[in-house]
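This report refers to the structure that appears directly beneath it.
Read-outs: derived from the displayed coordinates by stated rules, not from any lab. Treat the numbers as computed from the prediction; the structure is a model and nothing was measured. Glycine gets a Cβ as well: all are built from the backbone with ideal geometry, and neighbour counts include every protein chain shown.
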Amino acid sequence: MKVSKEWLNEWIPVDVSIDELSEKITRGGIEVDEVIDYTEGIKNLVVGYVESVEQHPEADRLKVCRVNTGEETSQIVCGAPNVRADSYVIVSKVGGRLPGGIKIKRAKLRGQVSEGMICSLEELGIPEDHVPKEYQDGIFIFNRDQNIGTDALSALYLDDQVMDFDLTPNRKDALSMAGAAYETRALFGGEVSRPGSPLTEHRDNGGNGFSIKNEDADAVPYYGARLVKNVEIKPAPVWMQIRLIKAGIRPINNVVDISNYVLLEFGQPLHMFDRDKIGSDAIVTRFAAQDEKITTLDGKERSLMDSDIVITNGKDPIALAGVMGGDFSEVTQSTTNILIESALFNPVSIRKTSNRLNLRSEASARFEKGVSHEFVLEALDRAAYLLEKYAGGRVTGKVMSDGELDLENSEITVTAEFINNRLGMDLSVAEIAESLSRLGLGTKTDGGTLNISIPSRRDDLKIREDITEEVARIYGYDALPSSLPEYSMITPGKLTDEQKKVRIIRHQLEALGLSQAINYALTSREKSKQFTDRTEGLELLMPMSEDHAVLRNSMIPHLVDNAVYNANRQQKDVQLYELGRVFVSRGEGNQPEEIEMLGGILTGEMNHTDWLGTSVPADFYTAKGIADSLFEKLGLSDSISYRQTEGYEEMHPGRTADIHLGGEKIGFAGELHPKYAEDNDLNRTAVFEINIDRLLDVKNGIIVYEQLSKYPTITRDVALIVERSVTADELIQTIWTAADKYLEDVFVFDVYEGDNVAEGMKSLALRLTYLNKEQTLTDEEIEAVHTPVLKALEEGGAAIR
Amino acid sequence: MDTSGISEIQNAFDDAVKTVSDKRSLQDLKVEYLGKKGKVTGLMKEMKNLSNEDRPAYGAAVNEVRSHITSVIEEKETVLADQALEARLKEETIDVSLPGRIFRLGSPHPLSRTIEDIEDFFIGLGYEIAEGYEVETDYFNFEALNLPKSHPARDMQDSFYFSEDILLRTHTSPVQARTMQAKKGQGPVKVICPGKVYRRDSDDATHSHQFTQIEGLVVDRNIHMSDLKGTLELFAKEMFGPDREIRLRPSYFPFTEPSVEVDISCFKCKGAGCNVCKRSGWIEILGSGMVHPNVLEMAGFDPDEYSGFAFGMGPDRIAMLKYGIEDIRNFYTNDLRFINQFKAMEDGGDQSESI
């Protein structure tokens, strides 16, 4: 809503600067987004009278004009096609300024002296699409006589600043000059004077012979109309045109302009029908029939739904209620008799219709928020009066209507104690009543109780909390004290165990060299099928793009994108992790399962010290090592196992393992398939993905302390030749199973294939550590345990070297 | 008694020892004189040829030579060891300006840091952290927050729907609704809800279809709007510097009544007016208000008995303002040159007054 200060002052005089006005309105809850100052950059602009116009002797398109600017008559060369003698125009005199830093100088145009410039509205800074059609390709010409030589900005009602209100959805009351005026009153005091409508109702042949009927009160609770005969279609007066322009509406003709003008005054949209084109003597409103057709005034045929509301002539739709008029009943140059509609329409229905047909207008914007009952008739009278005054119309008969207007004020009862408790203030009943009266809300008090009368223009006020807000707003939040809550019970503020663990995981990964990534949860269909055995992702009904059409099933595809993005920017060593959700569909119409996942990607080299030539490669074992360090920190090492898998198309089949926690698969680690890596222009790249929810589910309780042994440990090394396919894990399992006591630790310290080892075989060396915590182990005791271990290994197919 | 042999040996040793420059030669010299077959040992063997009265004096003279040689050798050993150590140290001297073995550090994401800082502040005030679903039902995302299907404010946040009833949450407020519901009408509720949210915006420098939000909610008996102001004032000072002030402006959110926008005095220009605060001296940073009675009631709290406040802010916006990040998409492209700038910890020193 664009509010002109000059127009506002007609409703309520406020003698403050535009800056103070807009600052106070902003602090009061209506954000003034922008102030448009029409005087900015303009100097020496006067009303001129064109005495004569002659063709320029040297240029076809130029005219040489004699223009009286009050103190003098000067020659001005003008290129506008519509310049004519005996007209009042805007003149920027020599030495004058126009917006955009234009200076007007004495000039010679093709040999003819030009002392000044006759201006178009565009040259004064008015956007082209707001300029009336008749002036669009030329200069502006006043349509009434003016005082020659006076300030043109004043004559044009442009000695003015306009505030652009950025209204929150609850403040529909401020979608009108009336609303802006009441808000101003609440903030600055004073009295609001509404424009009057002293119209004369003529009784022509006993009435207007017209009937109104609302078939469905749910669609149209009230429909009012007036008949105005004998109108003359012509331009509206300049002040009205310019006020519309300042509000962002292009003037068309007096009838259309009056309709828009009254809409801006009261926030009540009107519709003007050509009475003689309606095709009957009745208006009947109803919901449209499914697939009923109407051609709207933009010439398009619209197919309707049964939630749309139509205005009909008893048979055919003549307008799409609150949204757009129909083509044949539209006001045209030849219209003489007008039916003015002022009605209430179902807000939800209007919103649906205007959304579906993509027809948003000043009218639909107001109807869909619900218009105020108290202005329906006032606006109707006002429009009739303006047609009488500015279109020579003859108001015929009384208001015709069907339905009920709810003109009774509603009432809210609230105690001062409630308001003070909610705000944390200590206001007296009188102070509260005073704040409310500034909003024009009448209050009756009864002890500590206030009964507040709410006019329909503020029907957004419904509950006592709304009153609390109005009091705080008008009283000013600066007056609100600061305190801290006093709780009914003290509870500790802390992270849950799971939240703590997640932070530790993050910090540990960062200490290990991985940086944190955050990617989009929405991905492409193609990527949603990668690095997962799920074939379905949850798809958006209306994706904005193919890249963000479906929820991710894996963290890895976007991490691959990140690695590629960095590699393309000379960042070859990339180590990233991401903690986020993947989404497992439970079918359309259900919330998916959301799983907190840890994804990681390693490419290039880690911990690369160039001058020493040392680094850690981005391979399976690095990914596994990083994952293991997390399992160790979480105390889960003993429950974790890795099982070779060929289950991922995008992964290296020989270098990928599923990670199992106990018996359950919770993720995988491995190297990208060389082909997949190559397709993405990546070198060897390792990734891992772990279900964090599963890890966090395991509760470890407390750490169990064990006293340190006083006795030494004894180690035995075993070198084995086994088939290449035998895993270290299998051998270690065999050893643990065979050793019935004293075994403390087993690990592989050497793996060898090649010379001296037969084809298809490998050599593995393991170190076993034995300990008796009670006493020093003797050789005999060790042999008693170790011999069965060796035997079990041999039985398992290993040759001991 | 002739002791000239003794002096001769001592002189010969004294000459020889001067030329010794390494441990090995010194060892050889030691053996040559003091060894079993050494020269000094040889002198002792002469003893048997002497008269009884000469023997003590001769013996004493030989012992004197022995102890002379012994002490010279020991001295020499020390000197040689010192020299050897010095040589080794010299040889082992390195260029300390060369880089150390790299243990590369990763960096937290700037949004995580910002969220963690905010979480920690509120944990200190007794809040818990609550998380919820990113894919929500229409009921919890809208209806339970006083946004019925016909509510015009639904236009404000166009959403990503999967079906008529299931959508990506447009704010973290459904976590509040679910948290309250889980409390079964019993206060106090004190939670901070951080998380990702989604809106149908085309991605550009200032819009992202996915971004983060943190909301806070307090519900108990006798919670006042002044408590909200006090809490946020403390927050502003803690996070953005002790001199920060806040300003409440009336606003509208369907789930709060009264509703306010909260501005903080600009931490860059200290209120003088700069490009960060668009020359106003104030930065809009939070939306908040008193929980709407409909929201309390739908979540099972009696609005006559209980009241509460809620507030919400965008870590993306806060991080952008704080660090001067020019493009919100930087948060989601994961360029290491970007992320790694947020590696070092900040301690609220005098460089920056914020967070």
All Cα pairs of segment A:714-800, percent lying beyond 22 Å: 26 percent
Segment B:249-289, relative contact order in percent, only Cα pairs under 8 angstrom and at least six apart counted: 39 percent
For segment A:276-332: span of alpha carbons on each principal axis (Å, largest first): 28, 23, 16
Pairs of lysine residues in segment A:320-471 - Cα separation under 20 Å, sequence separation of 8 or more or cross-chain: 4
More than 19 angstrom apart: percent of Cα pairs within segment A:217-312: 56 percent
Dimensions in Å of segment A:134-259 - Rg and Dmax from alpha carbons: 19.6, 58
Relative contact order of chain B, defined on C-alpha pairs under 8 angstrom at six or more residues apart (%): 15 percent
Dmax and Rg, reported as Rg then Dmax, of segment B:4-92 (C-alpha, Å): 15.9, 60
Convex hull of segment A:324-410 built on C-alpha atoms - directionally averaged projected area, nm²: 7.3 nm²
Only Lys, Arg (+1) and Asp, Glu (-1) charged, at Cβ; chain B dipole about Cα centre in debye: 640 debye
Segment A:509-555: Rg to Rh, with Rh as the Kirkwood radius over Cα pairs: 1.11
B:Thr137, A:Thr776 arranged by Cβ crowding within 10 Å, fewest neighbours leading: A:Thr776, B:Thr137
Whole-number D in µm²/s for segment A:613-697 (Stokes-Einstein; Kirkwood sum over Cα pairs; 20 °C, 1.002 mPa s): 161 µm²/s
Helix-derived mean residue ellipticity, 222 nm - over the protein assembly as shown, DSSP H n ≥ 4, -39500 (n - 2.57), to 500: -9000 deg cm²/dmol
Segment A:211-403: equivalent-ellipsoid semi-axes (sqrt of 5 x gyration tensor eigenvalues, Cα, Å): 24, 18, 16
From the C-alpha gyration tensor of chain B, square roots of 5λ in Å: 91, 22, 20
Calculated diffusion of segment A:1-144, Stokes-Einstein form, Kirkwood radius summed over Cα pairs, 25 °C and 0.890 mPa s, µm²/s: 143 µm²/s
Values of log10 I(q)/I(0), in the order q = 0.09 Å⁻¹, for segment A:497-697 under a Debye, Cα-only, solvent-free model: -0.33
Separation of the A:Asp316 and A:Asp533 label points, Cα + 7 Å toward Cβ, nm: 6.7 nm
Distance from segment B:167-203 to segment A:474-493 (C-alpha centre basis), Å: 22 Å
Proximal lysines relative to A:Lys246, as straight alpha-carbon distance under 18 Å, when same-chain residues fewer than 8 apart are discounted: A:Lys2, A:Lys5, A:Lys133
Chain B: most fluctuating residue of B:Gly59, B:Gly287, B:Gly106 per GNM, C-alpha cutoff 10 Å: B:Gly59
For segment B:41-57, Karplus couplings with θ = phi - 60° (6.51, -1.76, 1.60), whole Hz, Gly/Pro x: 4, x, 4, 5, 5, 5, 3, 4, 8, 9, 6, 4, 6, 7, 4, x, 5
Burial ordering of A:Trp7, A:Trp611, A:Trp736, A:Trp239, fewest other beta-carbon atoms within 10 Å first: A:Trp611, A:Trp736, A:Trp239, A:Trp7
Scattering curve values for segment A:61-207, log₁₀ I(q)/I(0), Debye with Cα scatterers, q = 0.17, 0.20 Å⁻¹: -1.01, -1.24
Relative contact order computed over chain A (Cα-Cα under 8 Å; 6+ residues apart), in percent: 8 percent
The protein assembly as shown: Cα Rg divided by the 2.2 N^0.38 Å rule of thumb: 1.40
Largest to smallest principal axis extent of the C-alpha atoms in segment B:220-313, angstrom: 45, 23, 15
Loop-located trypsin sites (Lys or Arg not before Pro) in segment A:1-107, at most 13 other Cβ atoms within 10 Å (DSSP): A:Arg61, A:Lys105
Order of A:Met163, B:Met320 under a 10 Å beta carbon neighbour criterion, fewest first: B:Met320, A:Met163
Partner aspartates and glutamates for A:Lys500 [C-alpha distance under 18 Å; skip if fewer than 8 residues away on the same chain]: A:Glu510, A:Glu578, A:Glu596, A:Glu632, A:Asp693, A:Asp697, B:Glu116, B:Asp117, B:Glu119, B:Asp120, B:Glu128, B:Glu131
Paired Rg and Dmax values of segment B:26-173, which use every Cα atom, in angstrom: 46.3, 135
P(r) of segment A:528-624 over all Cα-Cα pairs, binned every 10 Å from zero, in whole percent: 14, 36, 28, 15, 5, 1
Over 20 Å between alpha carbons, listed pairs A:Lys494/B:Lys183; A:Lys494/B:Lys229; A:Lys699/A:Lys741; A:Lys529/B:Lys196; A:Lys293/A:Lys315; B:Lys30/B:Lys76: A:Lys494/B:Lys229; A:Lys699/A:Lys741; A:Lys529/B:Lys196
FRET efficiency estimate (nearest 0.05) - Cβ-Cβ, A:Ser361 to A:Asn230, R0 25 angstrom: 0.30
Förster radius 25 Å - calculated FRET efficiency between A:Thr496 and A:Val584, Cβ distance, rounded to 0.05: 0.60
